[in-house]
Protein chains: 2
Amino acid sequence: MLEVVKILKEKGYKVTPQRIAVYDVLKNTKEHPTVEAIYNKLQPAYPTMSLATVYKSLEMFKDLNLVQELNVGEDKFRYDANVKLHPHITCVSCGRVDDVDDEMFFNLSEQVAVKTGYEITGQKLYFYGHCPKCKQKA
Amino acid sequence: MLEVVKILKEKGYKVTPQRIAVYDVLKNTKEHPTVEAIYNKLQPAYPTMSLATVYKSLEMFKDLNLVQELNVGEDKFRYDANVKLHPHITCVSCGRVDDVDDEMFFNLSEQVAVKTGYEITGQKLYFYGHCPKCKQKA
DNA sequence: TACACCACGATAATTATTATTAATTAATAT
DNA sequence: ATATTAATTAATAATAATTATCGTGGTGTA
């Protein structure tokens, strides 16, 4: 939290309550919220905040590599304050998005680099299935 | 090509020139085109074809598991007539999207299942980097 | 205090996609 | 071959997500 303030200042961006608030929402959830979800979550405490501000804050945090953007195949994006490359898994039944530990993926990029001739800079790994809760119901 | 016709008939769908054309575009390219790109490619030969028809054809092929839908992080989808689960790699510089052989990924899903408790039904693996051409330029 | 400079909120504009509807076409039985 | 009918198409309106615009106001600095 202080970390963000420091980075914003260093990069010459202003530290505003809106920006902190957006970042805090992401930092304090494991739910990979959409813009809409972030906006709704902030409505009570920041009733005058604009959707555009959420979009702009996220864009800025993305550029600063303070959040990462996900797209699990929806027509919208989700956001995550954990910027470490790690796989995500989404339930095809209820739509929730969870993290997956990524110890086993550590050398994937190297293998891909060799195969494709690309210089790899990033990766996104998405898995799909039925989460434990939805498995029970079925 | 004949294969598609057969499947459409079996499933009770009509075989139309538009549908064949959309499928052919996907079958004969490795470029993972967007809806727009498919539409443009068909314009000369099918000048009256509607964008909505491209969308609907793709939706149907998706349901029939004849094409798969990709989203590498753009605000739109791309399509691939290769429905086998396989990783994709996209150039952060020129935007091209290529395939990656996936022999090394064959048991990823099982590992993820164990770790998350999900019952895995699918996966999407995207890598990012500089393609060989763009590496040269830099 | 005055002056820039951002950043904000409101809202218009844009882009991708989906829904609607009337007309056309493919499949089937005559 | 032709008529029937039900699916499909093209055109276009509608919707949803995102981005751009712009006037206002706060903040830091000279």
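The values are calculated or read from the model by the stated rules, or taken from the named source; none is laboratory data. Only a predicted model underlies this, so the values are computations on that prediction, with no experimental measurement involved. Positions of Cβ are generated from backbone atoms using ideal geometry, with glycine treated the same way; all protein chains shown enter the neighbour counts. All accessible areas refer to the heavy atoms of the entire protein, side chains included, with ligands and DNA or RNA removed. Shrake-Rupley method; radii C 1.70, N 1.55, O 1.52, S 1.80 Å.
Any residue at all in the range A:41-51 that is open to solvent by less than 30 Å² (accessible area, probe 1.4 Å) and away from every other protein chain (no Cβ under 12 Å)? Yes, there is a match, as at least one residue in the range A:41-51 is open to solvent by less than 30 Å² (accessible area, probe 1.4 Å) and away from every other protein chain (no Cβ under 12 Å). In the set (1) over 12 Å from the mean Cα position of the chain (by Cα); (2) assigned to a loop (DSSP other than H, G, I, E, B); (3) closer than 29 Å to B:ASP75 by Cβ, B:LYS14 fails one condition alone, (3). Only residues that are surrounded by 15 or more Cβ atoms within 10 Å (Cβ to Cβ) and small (Gly, Ala, Ser) were counted across the range B:95-115, and they come to 2.
Scanning the range A:43-53 for residues that are closer than 13 Å to A:ASP24 by Cβ and either of a type in the set (Gly, Ala, Ser) or more than 8 Å from DNA strand C (Cβ to nearest atom) (or both) yields a count of 1.
The criterion of being more than 11 Å from DNA strand C (Cβ to nearest atom), within 14 Å of chain A (Cβ to nearest Cβ) and in contact (Cβ under 8 Å) with a residue 40 or more places away in the chain holds for B:LYS30.
The condition (being away from every other protein chain (no Cβ under 12 Å), part of a loop (DSSP other than H, G, I, E, B) and surrounded by 13 or more Cβ atoms within 10 Å (Cβ to Cβ)) is satisfied by just one residue among B:LEU58, B:LEU66: B:LEU66. If you check B:ASN40, B:ASN82 for being at pLDDT 95 or above, assigned to a loop (DSSP other than H, G, I, E, B) and not hydrophobic (A, V, I, L, M, F, W, C), only one passes: B:ASN82. The C-beta contact set for the range A:8-21 (first residue closer than 24 Å to A:GLN43 by Cα, second residue among the small types (Gly, Ala, Ser), distance under 6 angstrom, 6+ apart or interchain) comprises A:ARG19/A:SER57.
So is A:VAL92 more than 30 Å from B:LYS62 (Cβ to Cβ), assigned by TED's automatic domain parsing to the domain that holds A:LYS133 and open to solvent by 30 Å² or more (accessible area, probe 1.4 Å) or not? It is false that A:VAL92 is more than 30 Å from B:LYS62 (Cβ to Cβ), assigned by TED's automatic domain parsing to the domain that holds A:LYS133 and open to solvent by 30 Å² or more (accessible area, probe 1.4 Å). The sole residue among A:VAL25, A:VAL15, A:VAL5 that is near DNA strand D (Cβ under 10 Å from one of its atoms) and either open to solvent by less than 100 Å² (accessible area, probe 1.4 Å) or on the phi < 0 side of the Ramachandran plot (or both) is A:VAL15.
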